[in-house]
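Visitor: Take this structure, written in structure tokens, and hold onto it; I'll ask about it next.
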Amino acid sequence: MTTGDINAKGITIKSSRELDLMREAGRIIAEAKLAVKNALAPGVTSLEMDALAEEIIKKRGAIPSFKGYQPAPHMPPFPASICFSFNEEIVHGIPSERKMREGDIVSVDFGAIVEGYHGDSAFTAGVGSISDTAQRLIDVTSDSLDAGIKMALIGSRLTDISNSIQIYAESKGYSVVKEYVGHGIGRELHEEPQIPNYGSPGRGPLLREGMVLAIEPMLNVGSWKTKVMPDGWTIVTIDGELSAHSEHTVAITSDGPEVLT
Ligand code: MG
Ligand code: MG
């Protein structure tokens, strides 16, 4: 056991069979993401997007990860199959009758379970034509995810991912949400370790082959601070400025990071 493994308590290493099931969950999520992305349009409701994603997930024999998900006893179970967050909403927005409008940006988060194994992935996209400010936020958020994924290598330390995301995002003028983080994933939607999107490099567990991580930067135009809305789920920026979210489930392999979603 190397020193790094002291902090690796609770992190699961997936077998090749388990990885295959997670690849299948990832493929289903990728299909649902594409369908929803193509269906985003002014006048369409987030509930319609939820129905579309749920239909694809179920048709492919998987189970939506988020529906009924209850991380703590004081929280209401999540009522839908996707999270759908508008503009200043960062994550965990609940699908509703709210209609998308031209110029909105929306963050959509997907989870699916195949034979007990989860996948988790999110994107932010514009509705119709959006401002340059909004487009740049979306692009930098997606690129900051790529910067993190590049560090998901055997022998890296966990916070090499965190640091890479933060350095990239802040170099482009955005703040990084600190109160919500990425996570290990497998038989549970949220496993060890937590993966902050900020912090010094070279800390935390050594990354090993067979670990699977959901890496998910959330970037804000204004302050990094957040608050929870009265529905108990929706997280918004404290200053009402725009936020974007980008997430992939990534396996650490001997060939480098493998994006499953
Ligand atoms: Mg997610
Ligand atoms: Mg996640």
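Visitor: With a 1.4 Å probe and every protein chain left in place, work out the accessible area per residue of the chain in Å², rounded to a whole number.
Guide: Accessible area per residue, the chain: 43 Å².
Visitor: Can you work out the Karplus-derived ³J(HN,Hα) for every residue in region 52-57? Use 6.51 cos²θ - 1.76 cosθ + 1.60 with θ = phi - 60°, whole Hz, and x for glycine or proline.
Guide: Per-residue couplings from phi come out as 4, 5, 4, 4, 5, 4 Hz.
Visitor: Let me ask another. Using a simple spin-label model with points 7 Å from Cα along the Cα→Cβ vector, what separation in nm is obtained for Met75 and Lys37?
Guide: 2.6 nm
Visitor: When the chain is fully extended, how far beyond the present Cα-Cα distance does Arg203 get from Lys172, taking 0.36 nm per residue of separation?
Guide: Gain on extension, Arg203 to Lys172, equals 8.7 nm.
Visitor: Here's something else I'd like to know. May I ask you to derive the FRET efficiency for Glu241 and Thr12 from their Cβ-Cβ distance with R0 = 51 Å, giving the value to the nearest 0.05?
Guide: Working from the Cβ atoms, E equals 0.85.
Visitor: Share of the chain's accessible area from carbon and sulfur, percent, 1.4 Å?
Guide: Percent of accessible area from carbon and sulfur atoms in the chain: 51.
Visitor: Counting C-alpha atoms alone, how compact is region 1-85: give Rg to one decimal and Dmax as a whole number, in angstrom.
Guide: 17.1, 56
Visitor: Per the Cauchy relation, a quarter of the hull surface: what is the mean projected area of the convex hull of the alpha carbons in the chain, in nm²?
Guide: Its average projected convex-hull area is 13.0 nm².
Visitor: Follow-up. What's the magnitude of the charge dipole for the chain around its Cα centre, counting Lys and Arg as +1 and Asp and Glu as -1 at the beta-carbon? Answer in Debye, nearest 20.
Guide: The calculated dipole for the chain is roughly 260 debye.
Visitor: Distance check, please: which entries in Lys14/Lys37; Lys9/Lys150; Lys67/Lys227; Lys33/Lys225 exceed 26 angstrom between their Cα atoms?
Guide: Beyond 26 Å: Lys14/Lys37; Lys33/Lys225.
Visitor: Taking 0.36 nm per intervening residue step and subtracting the Cα-Cα distance, what contour gain separates Arg187 from Ser131 on full extension?
Guide: 16.2 nm
Visitor: While we're here: Pull out a ≥ b ≥ c, the square roots of the eigenvalues of the alpha-carbon gyration tensor of region 28-179, then state rounded if a/c is under 1.5, prolate if not and a/b is larger than b/c, and oblate in the remaining case.
Guide: Oblate shape, in that a/c is at least 1.5 and b/c is the bigger or equal ratio.
Visitor: With a ≥ b ≥ c taken as the square roots of the eigenvalues of the C-alpha gyration tensor of region 118-222, please select rounded if a/c is under 1.5 and otherwise prolate if a/b is larger than b/c or oblate if it is not?
Guide: Here region 118-222 falls in the prolate category.
The values are calculated or read from the model by the stated rules, or taken from the named source; none is laboratory data. This is a predicted model, so every value here is computed, not measured. Using ideal geometry, Cβ is built from the backbone for each residue, glycine included, and neighbour counts are taken over all protein chains shown. Note: accessible area is taken over every heavy atom of the protein model, side chains too, but ligands, DNA and RNA are not part of it. Shrake-Rupley method; radii C 1.70, N 1.55, O 1.52, S 1.80 Å.
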